[in-house]
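A.B. asks: Please see the structure below; I have some questions.
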Amino acid sequence: MALKKDNHSVDNGDEKFPKDEISSLDSKNLDKKKVIESQPFKASKENNNENGFLDFGFNQSILNSLRNKGYENPTPIQKAAIPELMLGRDLLGQAQTGTGKTAAFALPLIEKLTDNKELNAKVLVMTPTRELATQVADSFKSYSSETSNFKTVAIYGGTDYRNQISALKRKVDVVVGTPGRIMDHIRQGTFKIKGISCLVLDEADEMLNMGFLEDIEWIIDQLPENKQMVLFSATMPNEIRTIAKKYLNDPAEILIKSVKKETQLIAQKFIYVQRHHKLNALKRILELNNEGVIIFVRTKLLTISIAEALENLGHSVAVLNGDIPQNQRENTVDRLKKGFIDILVATDVAARGLDVERIKLVVNYDFPFDKETYTHRIGRTGRAGRSGEAILFVNQREKYFLRNLENSTRTKIEEINIPSNKIINEKRMEKLIENVNESSLNQDENEENKALIIDVLDNLKENYSMNESSIAKAAINLVIGNKSFFVNEDDSWIYKQNNTDRNRSNRNANIRSRNSNRRNNYQNDSFETYKFNFGKFDGVRVANIISSICNSTNINGRSIGKIQIFNDYSLVDLPKDLHRETKNKLKKIKVRN
Ligand code: AMP
C-alpha cells in the first residue's frame, strides 16, 4: 500500500500548522503522523466553500446525503483521515467526540461498500455503550441515506435479541455494536463475520475503562485476519498503544488536539456550595438558564430525586440512568433533541456519547471522579461549533480536586456566585418584558387570532369600561399567574457561604503556600536555620512554633520556612538577615509556656 508521508503541515482549513506543531502519538514512525490542532470547526452553514467534500472522490449519492445534512466542508479530522482510509490504510486516531470523527470513518467505508451485493456484514464498528452504538449507526444511516440498498444494523445489550437476529439475517453492510452483544451473536452464529473486511474500534479508551479488553481481543481473534483496522480513542494510554501495536498494520496516525474546543467554546465555571445547599443552588442556576441543560449526578437515586424536585418547580425534566430501559432512553434523548424536554438529570454512564446540539449548559452537580469524566461531561455542550457553559459544584473538601482538575486540563475554571434573589428577579423581569414584547411582535401573524384580540378588546372596553392601560395590566397579570412573581426567600446563606468559603479557601491557600515554601526553601538561600531547645518531648507541634514566633516577633507566618521537630529540639528556617532586635526576641520565645 502506498504511504503518504506527511510530516510537514496539515491544512486546518484556515491556517497551516508548521512542522514544529507535530507532536507524537507514539515514539515510532514519527514521519507518518498528522497532528492537528483542532480549532472547533465552524457549523458548515457559515462556510462558503461548497465543494469541501468533492476532493475525496466520493460518489454522488454520498455527496447528496452530505448536502442533505448541510455539511459543506470537512472537519480537520475528516480532512486528515478520509484520504488515508480511502487508500485502505489502518488508522490510529486520537480524537474526541464533537470533532466529526464518525463521518471521518463512516464516509470512506460507505464509499467502498456502495455497490456491495454480499448478504453478510463487511464492516464492524465496536463502541463502548449502547448510546454511542445507536448514534454511530444513525450516522451511518444518514450518510448512506442516498445510497441504494445500504444497510446498517445496531446490536447492543439491554434490548430484545429477536429484532437484532432478524436484521442480521437480511442483507447488512455495517454492524455497529457493543462488545458483549457482538460476542453473543458471534457465539450463537447469528452474526456471520467471515466477510468482515474492516473493524473500527470507537472510543477505545472508554471500552478499556469499562473492562472490555478481553472481549475486544476475543472478537478480533474471531474476525478474518486480513482486514482494515481503525482505532479511535480520546486519550492514548499505554494499553491503547499496546493494542494498536498488536493489531494495527502500519497505521496512519492522526492526533486531533481538542483542548481548544473545551477552552474556547465552553465557558468553564465553578461555584462554591456546601452539600446541603446544592439543590437550592441548582434551582437558582436554572432560573438563569433552563433550556437545554444536562445535570450530572453520581447515583441513579439522585437523578430521580433531583428530577422530581425540578419538576415540582415546573421545569420539563427527564432522567437518564442505567436503570432506564434502552428504548425509553432513546426516546428521552429524542425528546430532548426536539425540545420537548429542557433538562436532563443523568449519570455518567447513561450520558456517554450523548450528542444533542441544543445543550447550552452542563451542571456538574456532583464532582466528577476524574479528568476524563469531567472532559466528557462538559463536552456534551459546545457541540457542532456552538458555544456552551459548564458549571461545577465544589464544596470545601473538593477544592483540592478542583485545583488538580485545573492543572490536568490546563484550564482556569472561573469562579461564579450562586445567583442571589436580586439577580434572579432581574432575570425574571427581563424575561417577562421579552415575552410580552415578542408576543406583541407576533400578534399580527395569525389572522384569526388578530380578529379575536380586537373582539376581546372591544368587548372589555364596551361592557366593562376598561381602558387600554388597565387591559394591558390585567393581561400581564394573567401571564404572571397568581403566585408571587419575585423570589423573596431568604438568600443570606449565599453571602454567608461565599464569605466563609472564601475565608477558608484563603486560609488554606496560605497554609498551602507556607507548606510549599517550607518544602522549597532547601534550595532557597534567603533562609537561615535556627535551633530551638524544645521538641517532641515538650509536646510541641508546628502550629505552636508558628504562633509563638509570630506572636513574639514581627515575623510574618508566611515568611517562616521549613520546620523540623526532633525529640528535644526543633529546627526552623527563618528569613536571613533578621534584625538584631528580632533575633533577641527569638532567643526568649516560649512555646506552650
Ligand atoms: P462526532 O464527532 O462524529 O460525534 O460529530 C459531532 C457533530 O458534528 C455531529 O453532530 C455531526 O453531525 C457534526 N458534523 C460532523 N461532520 C460535520 C461537517 N463536516 N460539517 C458539519 N457538521 C459536522
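None of the figures in this text is laboratory data; all of them are computed from the coordinates on show. In this text, all values refer to a predicted model and were calculated from it rather than measured experimentally. Every residue, glycine among them, receives a Cβ derived from its backbone with ideal geometry; neighbour counts consider all protein chains shown.
A.B. asks: Under the √(5λ) rule applied to the eigenvalues of the Cα gyration tensor, what semi-axes describe the equivalent ellipsoid of region 261-420? Give them in Å, descending.
C.D. replies: Details: eigenvalues 101, 63, 45 Å².
In descending order the semi-axes read 23, 18, 15 Å.
A.B. asks: Percentage of Cα-Cα pair distances in region 359-448 greater than 22 Å, rounded to whole percent? Before the final figure, lay out the partial values.
C.D. replies: Numbers: 1959 of 4005 pairs.
Value for region 359-448: 49 percent of Cα pairs lie more than 22 Å apart.
A.B. asks: Right, next: Based on the Cα atoms of region 51-178, what semi-axes does the equivalent ellipsoid have, where each is the square root of 5 times one gyration tensor eigenvalue, given in whole Å with the largest first?
C.D. replies: Numbers: eigenvalues 115, 57, 34 Å².
Largest first, region 51-178 gives 24, 17, 13 Å.
A.B. asks: Could you pull out the pairs from 117/169; 360/422; 112/227; 192/246; 101/246; 269/300 whose alpha carbons sit more than 18 Å apart here? If you can, show how the numbers build up before the last one.
C.D. replies: Values: 117/169 14 Å; 360/422 23 Å; 112/227 13 Å; 192/246 24 Å; 101/246 23 Å; 269/300 25 Å.
Violating the 18 Å limit, Cα to Cα: 360/422; 192/246; 101/246; 269/300.
A.B. asks: Please compute the volume of the convex hull spanned by the alpha-carbon atoms of region 36-257 and report it per residue in Å³.
C.D. replies: Numbers: hull volume 25.1 nm³, N = 222.
Taking the convex hull of the Cα positions in region 36-257, it is 113 Å³ per residue.
A.B. asks: What distance in nm lies between label points placed 7 Å from Cα along the C-beta direction at residue 476 and residue 453?
C.D. replies: So the label points at residue 476 and residue 453 sit 1.7 nm apart.
A.B. asks: Still on this model: Using 7 Å Cα-to-Cβ label points, what is the residue 537/residue 406 separation (nm, one decimal)?
C.D. replies: The two pseudo-label positions are separated by 4.6 nm.
A.B. asks: So for each of 310-316, 460-466, 364-370 I average, over its residues, the number of other beta carbons within 10 Å; can you give me the resulting order with the highest mean first? If you can, show how the numbers build up before the last one.
C.D. replies: On the way: 310-316: 13.9, 460-466: 11.7, 364-370: 17.7.
Going by the mean number of other Cβ atoms within 10 Å, highest first, we get 364-370, 310-316, 460-466.
A.B. asks: What is the packing order of peptides 275-283, 467-475, 195-203, taking the mean over residues of other C-beta atoms within 10 Å and listing the highest first? Display every interim value, and only then the final one.
C.D. replies: On the way: 275-283: 17.3, 467-475: 11.8, 195-203: 22.8.
The most tightly packed comes first, giving 195-203, 275-283, 467-475.
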